[in-house]
Amino acid sequence: MKKTFLGLALALASGLSTAAVSNEPEQNWDEIVKQANGQTVYFNAWGGSQEINDYVRWAGRQLQSQYGISLKHVKVADIAETTQRLLAEKAAGKHQGGSVDLVWINGENFRSMKHSNLLYGPFTQQLPNWQYVDTRLPIDEDFTEPTAGLEAPWGVGQLVFIHDKETLNNPPKNFAELLSLARAFPGKVSYPQPPEFHGSSFLKAALLELTDEPDSLYTAIDSQTQRQRFEQVTAPLWHYLDQLHPVAWQQGKRFPSGTSETIQLLDDQQLLLAITFNPNAANAAIENGNLVDTAQTYAFEQGALSNIHFLAIPWNAQAKEGALVTINFLMSPEAQARKADAKIWGDPSVLKPESLANSGAQGFSLFKSIPEPHPSWLTAIELEWQKRYGS
């Protein structure tokens, strides 16, 4: 089995497109676990949350004690940094012994890695814990891009807001009301600075509500060759931001660095709303003493921009077996239940409710979902935002 896995890796290394790999290796999980023992897995993942970093450290201790795997969290601000590193390794012909074994990924970064043949697989169906995954979730597509077994679901993200019921009892239900709130209370509204993903997601959610052509956002865009189409679809967003920024926090000349800063500014009563991609974030922040117990999470009337976040393995990973065992562990009922606990992280699980219930975890509810636009829009919107408002 080990030879079969390595054979697949060599096929990828020789330049064979991942899309062309149709035969899955024969499963021999025991051999994979044996090979993983003693390996070090370099896990490239966003490091901007203390709760998430603590959870990854817990997972590392479990992997060491249960499987003899050393998990190293390589904290990055944006997985795009990892994508560029892998592209450089491929250009240099480094098809084995790569610097990255595991990545936390979704959206444009997945699309870019998939189309550049930077990913190992397909592998998801071989994972023993795949049987527990809730296949009713949109796990087969990532921002409209078929996952094709090249990434395994890890959690559910929803773009939502947090407010304090004591200071803002009637929060805005849409972006028009958000602008009215900002005008009524100058300096009390903001969003993270794009391309930080919470800030970029705020722009996408606003555009989905404001544009007259929301369906256009689900087909690919080339902002250079389709400039007129891009300007027509996005014009309402720029008009909206031109009105919002003068009455926003710091007059729109400075923006929070990410969700953690918005939560801190909410707790300091400098902002009336925080932004998060975790529908359980308010409960987690209350449990950790970062927000008062009157804070709560909510979504706008149109719903919450929603996506699945995934785990993937680069084609040239040094510790493929260790990465497979790590992913399988992170998908286990034990690990998913702990991740969903608001006292730990509060990230919604991708497992069937009955699988979590069997592990003693409490259930949770999600808000009405809005699917993510095609990833090409993200890049185009971020570039245009930087041109208009970046400094």
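The values are calculated or read from the model by the stated rules, or taken from the named source; none is laboratory data. Note that the coordinates shown come from a computational prediction; the quantities given were computed from them, not determined experimentally. Here Cβ is always computed from backbone atoms with ideal geometry, including for glycine, and neighbour counts include all displayed protein chains. All accessible areas refer to the heavy atoms of the entire protein, side chains included, with ligands and DNA or RNA removed. Shrake-Rupley method; radii C 1.70, N 1.55, O 1.52, S 1.80 Å.
When the range 77-93 is filtered for residues that are surrounded by fewer than 20 Cβ atoms within 10 Å (Cβ to Cβ), of a type outside the set (D, E, K, R) and assigned to a helix (DSSP H, G or I), the ones remaining, listed by number, are ALA80, GLN84, LEU87, ALA88, ALA91. The residue of the range 137-162 that is modelled with the highest pLDDT, among those that are open to solvent by 40 Å² or more (accessible area, probe 1.4 Å) and either farther than 17 Å from GLU372 by Cα or touching a Phe, Trp or Tyr at 6+ places or on another chain (Cβ under 8 Å) (or both), is ALA148. I'd like the residue in the range 366-391 that is touching a residue at least 24 places away in the same chain (Cβ under 8 Å) and assigned to a loop (DSSP other than H, G, I, E, B) and, out of all such residues, is farthest from GLY60 (Cα to Cα). Per the criteria, the residue is SER391. Hey, does the range 223-230 have a residue that's of a type in the set (S, T, N, Q) and assigned to a helix (DSSP H, G or I)? Scanning the range 223-230, I find at least one residue that is of a type in the set (S, T, N, Q) and assigned to a helix (DSSP H, G or I), so the answer is yes. For the range 173-210, the set of residues classified as over 18 Å from PRO256 (Cβ atoms) and in a loop (DSSP other than H, G, I, E, B) consists of LYS173, ASN174, listed by residue number. Residues that are assigned to a loop (DSSP other than H, G, I, E, B), within 21 Å of MET331 (Cβ to Cβ) and modelled with pLDDT of 95 or more do not occur anywhere in the range 110-119.
Of a type in the set (Ser, Thr, Tyr), part of a loop (DSSP other than H, G, I, E, B), more than 14 Å from the chain's Cα centre (by Cα) and assigned by the TED database to the domain that holds PHE202: does that describe THR135? When the stated conditions are applied, THR135 does not pass them.
When SER65 is tested against the conditions (1) under 20 Å from the mean Cα position of the chain (by Cα); (2) open to solvent by 40 Å² or more (accessible area, probe 1.4 Å), the lone failure is (1). Looking across the range 192-233, just one residue is basic (Lys, Arg) and touching a Leu at 6+ places or on another chain (Cβ under 9 Å), and that is LYS204. Each residue in the range 285-344 was checked for being assigned to a helix (DSSP H, G or I) and open to solvent by 30 Å² or more (accessible area, probe 1.4 Å), and 4 pass.
Looking across the range 58-114, the residues that are polar (S, T, N, Q) and in contact with a helix residue (DSSP H, G or I) (Cβ under 8 Å, 6 or more places away or on another chain) come down to GLN62, GLN66, SER70, THR82, THR83, GLN96, SER99, ASN109, SER112. Picking from residues in the range 209-221 that are open to solvent by less than 70 Å² (accessible area, probe 1.4 Å) and among the charged types (D, E, K, R), the one that is farthest from GLU177 (Cα to Cα) is GLU213. Is it the case that LEU271 is closer than 29 Å to ALA340 by Cα, part of a loop (DSSP other than H, G, I, E, B) and at pLDDT 95 or above? When the stated conditions are applied, LEU271 passes them.
Among the residues of the range 197-207, is there at least one that is touching a residue at least 40 places away in the same chain (Cβ under 8 Å) and over 21 Å from ARG388 (Cβ atoms)? Among the residues of the range 197-207, not one is touching a residue at least 40 places away in the same chain (Cβ under 8 Å) and over 21 Å from ARG388 (Cβ atoms), which makes the answer no.
Set side by side, the residues VAL41, VAL74 differ, and just one is closer than 30 Å to ALA285 by Cα, part of a strand (DSSP E or B) and open to solvent by 10 Å² or more (accessible area, probe 1.4 Å), which is VAL74.
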